[in-house]
Amino acid sequence: MMTGFDDALRATCAKLAEPGKGILAADESTGTIGKRFQSIGVENVEANRRFWRETLFTAKEVEKYISGVILFEETLYAKSEDGTETLTEILRKKDIVPGIKVDKGATIPVGKDGDGETDTDGMDGLGERCAAFYKAGARFAKWRAVLKIDVEKALPSADAVEANAKSLAKYAKICQENGLVPIVEPEIVPDGKHDVEVSKTVTKNVLTKVFEHLNKENVNLELMVLKPNMVTPGSGNEESEKDDLKVAEYTNEVLLACVPEAVPAILFLSGGQSEDAASRRLNLMHKMQKESDKTFPWTLSYSYGRALQASALKAWSGDNSNAGKAQEAFIEKAKSCSLASLGEL
Ligand code: 13P
């Protein structure tokens, strides 16, 4: 498939796949950022959300470690503190690519009543919205599908996997037609006590379905980014923070089996792992691959939300005179992630 946007899409992908860099996911919906703010006792009002995001985007040398930032719609149009420019312009001046969350949350019920499985909302008017976001300066987009593991109930169900893979493919196609590189994010959330073997089987199954549907929709795999979960034990499993070797080994195995070489970059979500675990494990994946004398066919790096912001949020704690300390904490984490993405941590 060729669109009039192929050159723009290619240029965006080249930036997002730059070695040693990753994406900052700062696209928490108003509800989700509210939860993060609650943990540090900060009121969830527009002024605080803008202040927090501007603090991150203006951190010294952020552009050394961050290639792109995913924004929530409110932030795409928000003005800086002094009112002279938009936050989007601040990013563009630093050669950081602005992106936009275009989904409207995992709210459409799928499968049996009561199992809580969902498909993601946001398909209505998506083409027009993408075109408007492109005009406002966004060059990539994100759509998050949510799948849950429940071994007793045999979840995720085949229906949920199929529905979410279809939506991701349809969204990706619409983005490419409108000049936005689609970040395809099938997140298998870590809730549950399942072990890492279960996570491996489910992740493999989900990614296989996702690529089946991307191919059916004729999505150009060279002009997209995959944002998967790492293959981890459930967060309620006692091995959850421990077994780095298995996490790295299984994640490499699944990605090498499922993700075509045409895809330029795989950028992980952190999914509630600690900041340390998220960078340690990424580092280990690279070390293992190097030890086997092979190279990954794609860039393997990060698109973290919590694993880039947790320490910085604590350092800020809603006191704006702490902004400098928060920026230092953020850059320290970004630097670790950058080294990890090269296997040099
Ligand atoms: P976390 O890294 O906090 O999981 O967030 C990444 C993200 O964008 C989830 O959609």
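The values are calculated or read from the model by the stated rules, or taken from the named source; none is laboratory data. If you're wondering where the values come from, they're calculated on a predicted model, not measured in any experiment. All Cβ positions, even for glycine, are placed from backbone atoms using ideal geometry, and neighbour counts span all protein chains on display.
Could you list, in sequence order, the residues of region 297-323 that are more than 15 Å from the ligand (Cβ to nearest atom), within 19 Å of the chain's Cα centre (by Cα) and among the hydroxyl-bearing types (S, T, Y)? Hit for region 297-323 is T299, nothing else. Figure legend. Inter-residue proximity from region 16-45: first residues over 22 Å from V62 (Cα atoms), second residues assigned to a loop (DSSP other than H, G, I, E, B) and among the aromatic types (F, W, Y), beta-carbon distance below 7 Å, spacing 6+ or different chains. Indicated pairs: S29/F72. Any idea which residue in region 281-326 is nearest to K60 (Cα to Cα), counting only those that are without any contact (Cβ under 8 Å) to a residue 12 or more places away in the chain and not in a loop (DSSP other than H, G, I, E, B)? Step by step, filter region 281-326, then rank; the result is G324. Going through region 179-226 one residue at a time, which ones are β-branched (V, I, T), closer than 25 Å to G105 by Cβ and more than 16 Å from the ligand (Cβ to nearest atom)? If the condition is that a residue be β-branched (V, I, T), closer than 25 Å to G105 by Cβ and more than 16 Å from the ligand (Cβ to nearest atom), then V202, V219 are the ones that fit.
Give the residue that is farthest from the ligand (Cβ to nearest atom), with candidates limited to residues of region 260-275 that are small (G, A, S) and under 18 Å from the mean Cα position of the chain (by Cα). Walk me through how you get there before you give the answer.
Of region 260-275, the ones small (G, A, S) are 262, 265, 270-272, 274.
Narrowing further to those that are under 18 Å from the mean Cα position of the chain (by Cα): 265, 270-272, 274.
Numbers: A265: 15, S270: 3, G271: 4, G272: 6, S274: 11 Å.
Step by step, filter region 260-275, then rank; the result is A265.
Checked against the criterion of being part of a helix (DSSP H, G or I) and within 15 Å of the ligand (Cβ to nearest atom), the candidates A257, A278, A248 yield just one match: A278.
Return yes or no: is V110 closer than 30 Å to E152 by Cβ and touching a helix residue (DSSP H, G or I) at 6+ places or on another chain (Cβ under 6 Å)? Yes. One residue is enough: does region 135-157 have a residue meeting the conditions on the phi > 0 side of the Ramachandran plot and at pLDDT below 95? Looking for residues that are on the phi > 0 side of the Ramachandran plot and at pLDDT below 95, one finds none in region 135-157, hence no. When region 131-145 is limited to residues that are aromatic (F, W, Y) and part of a helix (DSSP H, G or I), the one that is farthest from the ligand (Cβ to nearest atom) turns out to be Y134. Of everything in region 190-234 that is among the basic types (K, R) and outside any loop (DSSP other than H, G, I, E, B), the residue that is surrounded by the fewest Cβ atoms within 10 Å (Cβ to Cβ) is K216. Looking only at residues in region 112-130 that are in a loop (DSSP other than H, G, I, E, B) and crowded, with 20+ Cβ neighbours inside 10 Å, the one that is nearest to the ligand (Cβ to nearest atom) is T120.
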